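The values are calculated or read from the model by the stated rules, or taken from the named source; none is laboratory data. All figures in this text were calculated on a predicted structure; none of them were measured in a lab. Positions of Cβ are backbone-derived with ideal geometry, glycine not excepted, and every protein chain shown enters the neighbour counts. Surface areas here come from the heavy atoms of the whole protein model, side chains and all, with no ligands, DNA or RNA. Shrake-Rupley method; radii C 1.70, N 1.55, O 1.52, S 1.80 Å.
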Amino acid sequence: MDKLVIEGGQKVCGSLKISGAKNGCLAMMPASILAPGTYHFKNTPNLTDVWTMSRLLGSIGIFCELNDDELFVDSRNINKFEAPYEHVKKMRASFYVLGPLLARWGQAKVSLPGGCAWGPRPVDLHLKGLEKLGAKIELEAGYVLAKADKLQGNRFHFDSPSVGATGNLLMAATLAKGTTQISNAAMEPEITALARMLVKMGAKIDGIGTSIIEIEGVDSLQAVEESIIPDRIEAGTYLIAAAITQGKIEITNVNPYHIATVIDKLEEAGCEIDVSNDRVTLEMNDFPKPVDITTSVYPGMPTDLQAQWISFMLQAKGTSKITETIYKDRFKHIPELARLGADVELADNVAIVNGGKRLTGAVVMSSDLRASASLVLAALVCEGKTEILRIYHLDRGYEKIDKKFEALGVSVKRVKTELI
Ligand code: EPZ
């Protein structure tokens, strides 16, 4: 188990190429189940979550190999329709294989993903959607058993948008008989990228990128080559790192439209930002103004940047309000930030940040991916040294975070620790 050791008082200064999107990769890799063949994904991030998905696909006979940022997936010898608990328990996104397995085999047995650090993560919308396509769903001993000789196109309306459930339904509908219309679908760029990949594979999909997606089922699909879209959450995290340290950063290989709301909020906080088609530069020469955010589905403020924004607002001279609308209790970072001197009050799903307090380094514990990122950001502006334990959480979604910060002039030391 490694830890990160960070000396406070450093400034981010430099240029950084953003990696491929974790959540794009995790949505697109299961699509290889739909059509036997060899797939080539470019701009693939080297992350533990990508390795977890590779091992899950390997357990059903799909061979994955990652060379630098090129991922090769060979699904010609797929031989199972079961995703075992030992894989699914490690990563909720493993559940995204349910729809493709059902469409490919007419049956699927996938472990329920269980909860995560910040509470229950239900899958009812995934199951309701597949039932609407004619699947018979049973729950047995922690597994979802789904059966459907041939999925039938139908209408499905999401009470509230779900990224994963939209992906599962989209993939299943491509091989269903007839037409499926999904309304109130997730519009996250990762889902748009998945839909575009499916069309390249031969699927017939209209309304890509909107909340109403229409899929006309086809008999078969083909393997493709695809490039993973840039990681908008990594991009937002490093922009906030430059802003919180009153530094200067240029991020490249980014789609500014995917982080338009984040850019807006950073400018409101006082950052000077310049945008071109695939790069964003940010300069910050003062403490931020307090800026309230409310997380929402795309294209709103991403919930995956909520923790990072709280760290940023610790530096503001004043009070800011952070409202989380996507998850209940996604605030595990607050008690750890308090160990650094943060003054944040929590009431239901609203965090009130009383900024401007003195922050001093301490030993803190990662609890989940984005909470860990918020601890790194706060550590950069603490007086003295901070040690962040259990950084395997960070390695799930931030590629080479220590090396990337080194390239930005910030010393972030990765230290091996004894298993405790
Ligand atoms: C995806 O998770 C992302 N993960 C999450 O990113 C992200 O926070 C989330 O979308 C929201 O943007 C991946 O793409 C791998 P949801 P997902 O289904 O698909 C409720 C990160 O840090 N819900 O859109 O699981 C759910 O509880 C991760 O990279 C149901 O009630 O999210 C939540 O409150 C964390 N029933 C809301 O919907 C369901 O069947 C949104 O969840 C499904 C979801």
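Below is a table of values for the structure above.
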| quantity | calculated |
| --- | --- |
| Accessible area expressed per residue, the chain, with surrounding protein chains retained (probe 1.4 Å, Å²) | 40 |
| Sparse-neighbour loop sites [trypsin sites (Lys or Arg not before Pro); region 90-167; at most 16 other C-beta within 10 Å; DSSP] | Lys150 |
| Gaussian network model of the chain, Cα within-10 Å springs - most flexible of Ala148, Ala21, Ala31 | Ala148 |
| Residue-by-residue Karplus 3J(HN,Hα) for region 247-254, coefficients 6.51, -1.76, 1.60, Hz, glycine and proline x | x, 8, 9, 10, 10, 10, 6, 10 |
| Global geometry of region 70-185, whether rounded, prolate or oblate, following the gyration tensor of its Cα atoms and the 1.5 cut on a/c | rounded |
| Computed [θ] at 222 nm, deg cm²/dmol, the chain (DSSP H ≥ 4; -39,500 (n - 2.57); rounded to nearest 500) | -8000 deg cm²/dmol |
| Cut-off under 5 Å, modelled amide H: who pairs with Lys17 long-range | Thr252 |
| Equivalent ellipsoid semi-axes, region 22-227, via Cα gyration tensor eigenvalues times 5, rooted, Å | 22, 20, 17 |
| Region 304-408, relative contact order in percent, only Cα pairs under 8 angstrom and at least six apart counted | 28 |
| Relative contact order of the chain, defined on C-alpha pairs under 8 angstrom at six or more residues apart (%) | 21 |
| Relative contact order (%) - criterion: Cα under 8 Å, at least six apart; region: region 107-262 | 16 |
| Sequence-distant residues sharing a close amide H with Glu226 (under 5 Å, placed H) | His40, Phe41, Lys42 |
| Net lengthening on full extension, His157/Asp206 (0.36 nm per residue, minus Cα-Cα) | 16.0 nm |
| Label-point gap, in nm, between Val350 and Lys147 - each point 7 angstrom along Cα→Cβ | 5.1 |
| Region 131-161 versus region 298-322: alpha-carbon centroid distance in Å | 37 |
| Accessible carbon and sulfur surface of the chain relative to its total accessible area, %, 1.4 Å | 51 |
